[in-house]
Amino acid sequence: MTLQDYLKIFRHRWLVIAACTLAAAAVMWAVTPASTDTTLKVGSYTATATLLVGSSDANETSVSMARIPLYLTTGEVPKRAAKAVGYDGDPALLASGLTVTPDYQAQALTVSATASDGDQAAAVANAFANETVDFFGEEKRPGTGSVKLSVLQEATPIPNADTRGGFVVPPGRGPRTAIAALLGLLLGLALALILDRLDSRLRTREEIHAALRMPIIAEIPRLSRAQRGRRSIAVAEDPLTVYADGYRAARTALMHTQSRQVPDEYAPRRSAVETRGAGSATRLILVTSAHESEGKTTSVANLAASFAETGQRVLVLDADLRSPDTHNLFDVPQGAGISDYVSEPGDASLEALIRPTSVPGVRIITAGTRLAHPASMASRMGHLLAEARELADVVIIDTAPLLAASDVFDILPMVDTVLLVVRSGRLTETAGHRVSELLGRFQVPVGGVILVGTNTKRSDAYGYGYGYGHAEKKRTKDKKKKDRSPAASDGRLGTATPYEQDKQVEPRDVSPTGTSELTTMLAEAAPDEPQSRRARRTSSA
């Protein structure tokens, strides 16, 4: 994995990282007192007494020091020292904490005691030193000759330096909270990598393309929460948004890429060239998805509106008989439809079931009222689809998800093109391979994939900065100019027509031949140019 892959994972799992960081910081802030004792904490003290070793015999130049430490730590001396300091335990245990170091060159002994209490350590060291001096002063001891001891320096408690090393946690609440937040951040990063490893859902364009082995013909950015709740048809209601442009890109791909040879990596699927001759228009488009709630029905409605923009007659078939919902987007009540026609073909003609919608140029045949056995009805739609071809230029079929129901498999061999809708973060790699395998088995020409809910940056899609909200901003700016003009004070703005206020050109139908609307707009704007400029242009001609 590259650095960019790691950054992409962290950006996607930012909530986990932030939660770990904040949780660690909050816990440390809560458990650390506001004011802490910053004085140096001493763990132990060491007290050392120094003894000089001499001889009571003037003729004896040197004495034996070998047995003095033995007498000091065993026998009578520990008993006397324990009694002197009031120690009730075993004197040998008290003596085991001593450190006796002889210095043969200097003829001296050091007696060191260590304890958590400095006074106690000094008392023990001094007690052993004094009792040793008295012990050897009473009489000669075997193996020591005429040795004579004297106290050169009494023991004084000295704090021991902290020799543990390593990192010492600062005592303040602020520094400890910062350290805890850093540790929480590291934990969050590690947890994000683990979750990404365990999560097999596909989110990026590259991952979905690799799993499905199908081209991504359009990417629809993630809608805001307000737009998702409104469930509107963006192409018809907000034609300048980047969402509408995404569905127009899918429409363009379906209209103008049929004659292209499919690459070798798409060999399991039959291309549109093999089904129809080059230059033939796509007539019957089946829109499906791997799972439910991936944006299939919304894509059908927007795709139908985008085809209607080109002046073509569009017919929508709500063939998802298990969960019919397309009619709600077009503001059409449920009534007699596909299921009624398939159940009783002689009751009414198919054309009588067609209803107009809220989108000009788009008509719909609803799912109908007889939805008890949807699987059996799907296998009898052959005659319906053949007749539907003659009733519109483009027929778009909304069907059940591929992996959720078997209804769609009866319709697949009858259509011209299959369009797959995939929501980012919903499809797993296993499900993607399964969808690709099923479509390859049926040898159906696949137009491509519409990727819904992508995190598209502003620089990734044309129209976000120029189209999205541009008309609204322009209208607001023009209205402010009108409010500041002298005509506004005369009250004439209130009687002006919407065309005069917004200075907008009314929408016109675009012919299928591809006539540019820009030419028409420039022609209408030409009479408004200054008279002097037109005069100069006429004279130059």
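The values are calculated or read from the model by the stated rules, or taken from the named source; none is laboratory data. Remember, predicted model here, so these are calculated numbers, not experimental data. A quick note on method: Cβ atoms are made from the backbone with ideal geometry, for glycine too, and the neighbour counts reach across all protein chains shown.
Data table
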item	result
Flag if residue 145 is surrounded by 15 or more Cβ atoms within 10 Å (Cβ to Cβ) and either at positive phi or small (Gly, Ala, Ser) (or both)	yes
Which numbered condition residue 342 misses (of (1) aliphatic (A, V, I, L, M); (2) over 18 Å from residue 378 (Cα atoms); (3) crowded, with 17+ Cβ neighbours inside 10 Å; (4) at pLDDT below 90)	(2)
Every pair of residues 6+ apart whose Cβ atoms lie under 9 Å, when the first sits in region 185-198 and is assigned to a helix (DSSP H, G or I) while the second is among the charged types (D, E, K, R)	188/13; 189/13; 191/13; 192/13; 193/13; 195/13; 196/13
Count - residues of region 107-117 that are closer than 9 Å to residue 46 by Cβ and either outside any strand (DSSP E or B) or out of contact with any Ser or Thr (no Cβ under 6 Å at 6 or more places or on another chain) (or both)	2
Filtered residues of region 392-410 (kept if of a type in the set (A, V, I, L, M), part of a loop (DSSP other than H, G, I, E, B) and touching a strand residue (DSSP E or B) at 6+ places or on another chain (Cβ under 6 Å))	392, 402
Count - residues of region 452-463 that are modelled with pLDDT under 80 and within 18 Å of residue 215 (Cβ to Cβ)	3
Qualifying residue in region 318-330 (condition: touching a helix residue (DSSP H, G or I) at 6+ places or on another chain (Cβ under 7 Å), in the same structural domain as residue 290 (by TED's automatic domain parsing), basic (Lys, Arg) and over 22 Å from residue 299 (Cβ atoms))	no
Check on residue 323, within 36 Å of the chain's Cα centre (by Cα) and over 24 Å from residue 369 (Cβ atoms)	no
Number of positions in region 386-413 that are among the aliphatic types (A, V, I, L, M) and surrounded by fewer than 18 Cβ atoms within 10 Å (Cβ to Cβ)	4
Failed item in (1) among the charged types (D, E, K, R); (2) at pLDDT 80 or above; (3) part of a loop (DSSP other than H, G, I, E, B), with residue 260 passing the rest	(2)
Some residue of region 346-355 being loosely packed, with under 14 Cβ neighbours inside 10 Å and among the hydroxyl-bearing types (Ser, Thr, Tyr)	yes
Selected residue [in a strand (DSSP E or B), buried (at least 16 other Cβ atoms within 10 Å of the Cβ) and either at pLDDT below 90 or touching a Pro at 6+ places or on another chain (Cβ under 8 Å) (or both)] from 449, 421, 435, 444	449
Filter result for the condition that a residue is assigned to a helix (DSSP H, G or I), more than 35 Å from the chain's Cα centre (by Cα) and within 24 Å of residue 431 (Cβ to Cβ), over 352, 308, 375	375
Verdict on residue 230 being of a type in the set (Lys, Arg), surrounded by fewer than 22 Cβ atoms within 10 Å (Cβ to Cβ), modelled with pLDDT of 85 or more and out of contact with any strand residue (DSSP E or B) (no Cβ under 8 Å at 6 or more places or on another chain)	no
Output for region 42-72, where each listed residue is among the polar types (S, T, N, Q) and either modelled with pLDDT of 90 or more or within 30 Å of residue 171 (Cα to Cα) (or both)	44, 46, 48, 50
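Matching residues to (1) modelled with pLDDT of 85 or more; (2) surrounded by 12 or more Cβ atoms within 10 Å (Cβ to Cβ); (3) touching a strand residue (DSSP E or B) at 6+ places or on another chain (Cβ under 7 Å):
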site	(1), (2), (3)
15	yes, no, no
18	yes, yes, no
21	yes, yes, no
24	yes, yes, no
28	yes, yes, no
40	no, no, no
